[in-house]
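Engineer: One structure, as structure tokens, below. Some questions next.
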Amino acid sequence: MTGGSEPSADVQIPVDMVSHLLDAAQALQAGGRPESAKLLVDRLSAQRYSLPLLRRLRAQWRQFTQSAVPERDRFAAKDWTGFGAHNSQKLRCLTILDEISELNWSADFDCTRLVRLSAQQQITEADYDFVLVETAWLGPENDWIYAFTSPGQKHENAQAVLAVLERLRVQIDKPIVIVNKEDPLHFELFFPLVRYADHIITTDQDMVPNYRGRADALSVTALPFAANMSLTNPVGRVNEPQDKVCFAGSFYSGGYDDRARQMDYILQPIIDFRGVIFDRQSRKPNPVHDFPDRFKPYIRPAVGFREMARHYRRFRAFLNVNTIVSSPTMMSRRVYELLASGTPVVSAPSRALEQQFLGIVQIASNAKEAYMQVARLLDDEQHWWKTSQRGIREVTLKHQYAHRAAVIRSIVFGADIEAESPLVSIIIAADRAVHLARIAENISQQSYPRIETVVALGRSWSEDEIASLENMLNTVPTIERVVIQKASDLVPLGQRLHLAVAEAKGDFVALFSDKDHYLPNYLVDMILTFDFSQSVIAGKATYAAWQHAGCRVALYNPGFEHSHVDNFCASTIVARRSWLKKVPFADQSDAPEIDLLKHALSAGDRIYSADHFNFVEVGGLNSMRYPRHGKRRPAEPISVAAACREFEQWKV
């Protein structure tokens, strides 16, 4: 755009022309003229308009400049702390949230409640970055009861929240994010308030066109529910008493025909296996929510969220029904929380379950299938453990509240949405080249996306053998760097490991043995434990071990999966490199792994034992290299054919 065609900053552009000029700016951008597009939007932004229009202009300006507000860097994730990448410097927000949502979002946002009686003062005087409101039925401590659900917004609380939103929208330049977690059933009920949002979040992807057609929002985004891994996780579930099967929720006898049909068959295993029902409506008696008589012997009263989170780890299986079956994104928040807790879910089918948890949530379409799915989870240990671990992995990698918070930061402030996976340094001490092929296979088959390898070799390795190993590793796309160190066989193992750690650049260090087998998801599942274990070092106290006598694989030291322990298999050490700098391998030690674990415990640090999959020890049990656990339990060997392909049963 040149010369007289540019709008003068001194001339006020009519509001009804702004949208046409924005369309023109988009056309310029699409036509390969981004500088002209930026100039036009910049001139438009200099005019005096209402705050809603200015917000739209600013959002358009960020789109063209691919930058965000000046404070953008503060909102982007600084240090990697997990696959969910919790932000080290939280956005500050004023909130109206139900209590469970407040617990979940507080891990990623610095939340301050908007209090009913002081909300007007808070929005003008508080220090905050944005406003986060959800379609709350009650709000914390019932402070906003009827605020969102009053017919015609006539209730005084509804009038109060409308006044707050109106003032925010017109007078205060802070982004308003409103989450409708009740879509699609209650779209119309909550829309009169949702329409005040600058950014609308819906739990149902299918509702996005409706909002775009009826609301004047800067953005409309579908975000499913999620789990907060600090609240719902598998830590210590092996130490919890294990009941069989559970359902937690409400019964609806009218108006929800699909749900009623699902409940009729999906709850049958409660009777078959003498399970438990936590009745969400037990404190609010209503005939509409009365469970049929055949289920009443199994009903317990409702419990609070934190108590329910503990119950998640106390059952072998949970049952689920779906009020919404056609949405690609909407399902119960409880599904995410259960899977995060390591508890398999048996559910009636839904589109969202198929798209997000295919092969993880066990689907049943009738009473017979429900019975068979639950029975298999109760009777087949291997199936239960694999289903449990797949659920933990899927939620940790994709469905934490930290993931959802990253999307909000991106939408509202232009912060980077993707947190890069941390670099993992695999360290191997190999005296001889006899296991060269196994070393290369163990590393190259890892599904983890960012790896470097530091190999500490003994003197017996020839130049040809070293070159062969380097060539094998350098062809693997996930390996970013290969370092070969060579030392005399007389150099103590502790010193060799210490030198290898000093060379490592990764956020984490993983110690591999040249003799054992590390299956593809080994690193992924080890690293993700740092999201919820509150530990600085992880390994496997329970693991598969190849028994040469009898040619079989045994599950060694069972009963310590996903729990804090005092030691574990030395070949499975994974630790934060920053911690290893403070507590390094002892230079002169011939058993440095044992010393490392002792140092961790003496320093008050926590040691975590992960799942028992994706690793098979074949080097022989040695009391120096593989310390026995102080509370070792007898193992029952699982016989398998004497072939490496049988290791597949330990892959998940």
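Engineer: If amide H atoms are built 1.01 Å from N in the plane of the peptide, which residues on other chains or at least 5 residues away come under 5 Å of the amide H of residue 615?
Structural biologist: Counting only residues 5 or more places away or on other chains, the set is 519, 544.
Engineer: Taking a threshold of 26 Å on the Cα-Cα distance, which of the pairs 284/398; 398/540; 90/581; 515/651; 386/540; 90/598 fall above it?
Structural biologist: Working: 284/398 36 Å; 398/540 24 Å; 90/581 28 Å; 515/651 18 Å; 386/540 16 Å; 90/598 35 Å.
The answer is 284/398; 90/581; 90/598.
Engineer: Would you kindly state how much longer the chain becomes between residue 215 and residue 464 on full extension, computed as 0.36 nm times their sequence separation minus their alpha carbon distance, in nm to one decimal?
Structural biologist: Details: separation 249, 0.36 × 249 = 89.64 nm, distance 6.82 nm.
Length difference between fully extended and current span is 82.8 nm.
Engineer: Go through 287-294, 166-173 and give me the packing order, highest mean Cβ count within 10 Å leading.
Structural biologist: Working: 287-294: 12.2, 166-173: 13.9.
By packing density, highest mean first, the sequence is 166-173, 287-294.
Engineer: Mind ordering 515-528, 268-281, 110-123 by average Cβ neighbours within 10 Å, highest first? Walk me through the numbers before you get to the answer.
Structural biologist: Details: 515-528: 21.9, 268-281: 18.9, 110-123: 16.6.
With the highest mean Cβ count within 10 Å placed first, the list reads 515-528, 268-281, 110-123.
Engineer: Then there is this: Hey, what's the stretch 186-285 come to in accessible area per residue, 1.4 Å probe, Å²? Walk me through the numbers on the way to the answer.
Structural biologist: Working: 4110 Å² over 100 residues.
Averaged over the residues of the stretch 186-285, the accessible area is 41 Å².
Engineer: Next question, about the same structure. Can you compute the FRET efficiency between residue 503 and residue 110 using 1/(1 + (r/R0)^6), with r the Cβ-Cβ distance and R0 = 41 Å? Round to the nearest 0.05.
Structural biologist: That pair, residue 503 with residue 110, gives E of 0.60.
Engineer: Turning to a different aspect of this structure: With both partners inside the stretch 193-283, how many of the DSSP beta bridges are antiparallel, as a percent to the nearest 5?
Structural biologist: Details: 0 of 8 bridges.
Bridges in the stretch 193-283 are about 0 percent antiparallel.
Engineer: Run the numbers for residue 283 and residue 380: contour at 0.36 nm per residue of separation, minus the present Cα-Cα distance, in nm.
Structural biologist: The residue 283-residue 380 span can extend by a further 31.2 nm.
Engineer: Under 17 Å from a point 7 Å along the Cα-to-Cβ line of residue 450: which residues of the stretch 566-607 have their amide N that close?
Structural biologist: 575-579
Engineer: Sorted by mean Cβ packing within 10 Å, highest first, what order do the peptides 341-353, 365-377, 20-32 take?
Structural biologist: Numbers: 341-353: 23.6, 365-377: 17.8, 20-32: 14.6.
The densest-packed peptide leads the list: 341-353, 365-377, 20-32.
Engineer: Also, I was wondering about something else. Report the FRET efficiency, 1/(1 + (r/R0)^6), for residue 471 and residue 35, where r is their Cβ-Cβ distance and R0 is 60 Å, rounded to 0.05.
Structural biologist: Numbers: r = 48 Å, r/R0 = 0.79.
It comes to 0.80.
Engineer: Suppose we take every Cα in the stretch 370-482 and form the convex hull; what volume per residue is that in Å³? Show your work: numbers first, answer last.
Structural biologist: On the way: hull volume 17.8 nm³, N = 113.
Taking the convex hull of the Cα positions in the stretch 370-482, it is 158 Å³ per residue.
Engineer: Hey, which aspartates and glutamates would be in cross-link range of residue 154, C-alpha to C-alpha under 20 Å, not counting anything within fewer than 8 residues on its own chain?
Structural biologist: Within the straight-line cut-off, residue 154 pairs with 134, 143, 166, 188.
Engineer: Additional query: Residue 26 versus residue 358, label points 7 Å from Cα toward the beta carbon: distance in nm?
Structural biologist: Going by the 7 Å Cα→Cβ label model, 3.2 nm.
Engineer: Report, in whole Å, the centroid distance computed from the Cα atoms of the stretch 490-509 and the stretch 234-290.
Structural biologist: Centre-to-centre (Cα) distance: 52 Å.
Engineer: A further question on this structure: Give the calculated FRET efficiency between residue 117 and residue 302 to the nearest 0.05, with a Förster radius of 25 Å applied to their Cβ-Cβ distance.
Structural biologist: Between residue 117 and residue 302 the formula returns 0.30.
Engineer: Residue separation times 0.36 nm, minus the C-alpha to C-alpha distance between residue 155 and residue 188: what's the value? Display every interim value, and only then the final one.
Structural biologist: On the way: separation 33, 0.36 × 33 = 11.88 nm, distance 1.72 nm.
Here the answer is 10.2 nm.
The values are calculated or read from the model by the stated rules, or taken from the named source; none is laboratory data. Remember, it's a predicted structure, so these values are computed and weren't measured experimentally. Because the Cβ atoms are built from the backbone with ideal geometry, glycine has one as well, and the counts that use them run over all protein chains shown. Keep in mind that these areas ignore ligands, DNA and RNA; they rest on the heavy atoms of the full protein, side chains included. Shrake-Rupley method; radii C 1.70, N 1.55, O 1.52, S 1.80 Å.
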